[in-house]
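Shown next, in structure tokens, is the structure this report addresses.
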Amino acid sequence: MINHQFSPELIRDRSRWKTQEIWPNNQELKQLAGRKLFLVCNPFWGDYNRSIPNNTFKIFLYADLHLQLRLAWEKQAWWFTDETRRCTHAPDNNQVYLRQIIKDADTFNGQPVDPAVPKIIQEYSPDQIINLKEFAHGKNIIDPPNTHQLKFLDHWIRLQSKKSLRLMHL
């Protein structure tokens, strides 16, 4: 699944990121026994992924606004999907749209972030909050990562554009 979702070919064709995604089915996972990993992405965009079972250790991974914008732009995700642009009545001009997003930013830990970040933290009370940039540098990780996790992180970093890497100081 990792090789499918994070194919090395994504370096050459970043538009394929969204088509390669494999999302867990949170509703099915709730019915299964044992440890599980739930994915909640853009939780205020519809009801399909907001519910998290009780006694769940919640990790919130976020990026500062400029890194999030760069990653979203390259992958044509979140703000840049046709559906989001249509539903939010986004301007056709990308420069105007980007300025609007930046103008609406909130601040968290002294950095500009998507205005949803503080709301998500308030709503979900995560047990751990991780900044993607710090995570990429191996900082603020509770347990030391194992070799498989480090290998995956290195693989993910190699798929990022030079601009994204620069924003992450890598």
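The values are calculated or read from the model by the stated rules, or taken from the named source; none is laboratory data. Keep in mind that this is a model prediction, so the values were computed, not measured. Glycine gets a Cβ as well: all are built from the backbone with ideal geometry, and neighbour counts include every protein chain shown.
Brief remarks on what is shown
- Among the criteria (1) farther than 14 Å from Leu61 by Cβ; (2) surrounded by 13 or more Cβ atoms within 10 Å (Cβ to Cβ); (3) of a type in the set (Gly, Ala, Ser), the one Ala136 does not fulfil is (1).
- Residue that is more than 18 Å from the chain's Cα centre (by Cα), under 27 Å from Trp73 (Cβ atoms) and of a type in the set (Asp, Glu), where the choices are Glu9, Glu21: Glu9
- Of the helices (runs of 4 or more DSSP H) lying entirely inside segment 1-45, those containing at least 3 residues that are under 21 Å from Ser164 (Cα atoms) and either touching an Asp or Glu at 6+ places or on another chain (Cβ under 8 Å) or of a type outside the set (Val, Ile, Thr) (or both) are 17-20.
- Screening Leu39, Leu61, Leu69, Leu32 for residues that are buried (at least 16 other Cβ atoms within 10 Å of the Cβ), of a type outside the set (Ser, Thr, Tyr) and either at pLDDT 85 or above or within 20 Å of Gln149 (Cβ to Cβ) (or both) leaves exactly one candidate, Leu69.
- Options Thr88, Thr147, Thr107: the member that is surrounded by fewer than 14 Cβ atoms within 10 Å (Cβ to Cβ), at pLDDT 95 or above and of a type in the set (S, T, N, Q): Thr107
- Residue under evaluation Gln128, criteria (1) touching a His at 6+ places or on another chain (Cβ under 9 Å); (2) closer than 25 Å to Met1 by Cβ; (3) in contact (Cβ under 8 Å) with a residue 40 or more places away in the chain, criterion not met: (1)
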